[in-house]
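K.L.:
Below you'll find the structure I mean.
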Amino acid sequence: MLLKKQSFLKFLCLLLMAVVLTGCHSSKKATGGKNTHKPKVETVNVKELKGLERKIVEEALTWQGTPYKYASSEKGKGTDCSGMVIGVYTKVTDKKLPRNSAQQAEFCKKLKEKDVRPGDLVFFATGKDKHKISHVGIMLDDNRFIHASTQKGVLISEMNTPYYQRTFIMYGRVP
C-alpha cells in the first residue's frame, strides 16, 4: 500500500512539473526555430463569429504549431506568447501592442468574465511572482485560448484546467 502511495505521489509531482513548464514566462530558452514534435492542430468553429472577432480567431489559428522562441514573433518560425499576440493583432487590426504580456495587460481594458468574447486576451502569472503577469493568450471561445508554450509552441489550451485557473490574472480587450 505504501509503495502504491509513493508511486502515485511521484506521478503527481511529475505531472505538476510538466504543467508548470508549459508557461511562457520570461525564460530566455529558445528552440531556435526547430520544433521536433508534431503539434496537435485543433479547429475552432469560426462560422458563428463575425467581423473582427472572426478575423482575429482565424489569424490566431494559423499560428498553431509555430515553435517557441523567446523575444520573437515570426509565424511558422518562432514566437513567444506576447509576440504571437502582436503578430495577430498587427496583421488583423494594424494596431501596435506593447512587446511584453505585462505591458499588454496594462494597455487593455480589463473585462469581467461574462463580457469576454473571442479575440479578447487572457493573462496569467506563470513565473515565480504569483501576482506579476508573465503570459498571454487569445480567447477562441468561452473556454479555449491559443498561446505560445515554452515547451510545445503555439497551441490551444482550456481555461478550466487547474493550472490555468490557478495562474489566471485577468481578461482584457485591446482598445
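K.L.:
Only one of (1) farther than 19 Å from residue 84 by Cα; (2) touching a residue at least 12 places away in the same chain (Cβ under 8 Å) is not met by residue 153, so which one is it?
P.N.:
Result: residue 153 fails condition (1) only.
K.L.:
Restricting to strands (runs of 3 or more DSSP E) lying wholly in the stretch 88-141: which have 2 or more residues that are crowded, with 16+ Cβ neighbours inside 10 Å? Before you say what the answer is, go through the steps one by one.
P.N.:
Details: elements: 109-111, 121-124, 135-139.
So the answer is 121-124, 135-139.
K.L.:
Would you be able to say whether some residue in the stretch 157-169 is part of a loop (DSSP other than H, G, I, E, B), exposed (fewer than 14 other Cβ atoms within 10 Å of the Cβ) and either within 12 Å of the chain's Cα centre (by Cα) or of a type in the set (Ser, Thr, Tyr) (or both)? Explain how you work it out, then say what you get.
P.N.:
Restricting attention to the stretch 157-169, the residues satisfying the condition of being part of a loop (DSSP other than H, G, I, E, B) are 159-161.
Narrowing further to those that are exposed (fewer than 14 other Cβ atoms within 10 Å of the Cβ): 160-161.
Then keep just the ones that are either within 12 Å of the chain's Cα centre (by Cα) or of a type in the set (Ser, Thr, Tyr) (or both); that gives 161.
Looking through the stretch 157-169, at least one residue is part of a loop (DSSP other than H, G, I, E, B), exposed (fewer than 14 other Cβ atoms within 10 Å of the Cβ) and either within 12 Å of the chain's Cα centre (by Cα) or of a type in the set (Ser, Thr, Tyr) (or both).
K.L.:
Which members of the stretch 59-83 meet the condition of being in contact (Cβ under 8 Å) with a residue 60 or more places away in the chain and assigned to a helix (DSSP H, G or I)?
P.N.:
60, 61, 81, 83
Read-outs: derived from the displayed coordinates by stated rules, not from any lab. From a predicted model like this one, the values you see are computed outputs, not experimental measurements. Virtual Cβ from ideal backbone geometry, glycine too; neighbours counted across all protein chains shown.
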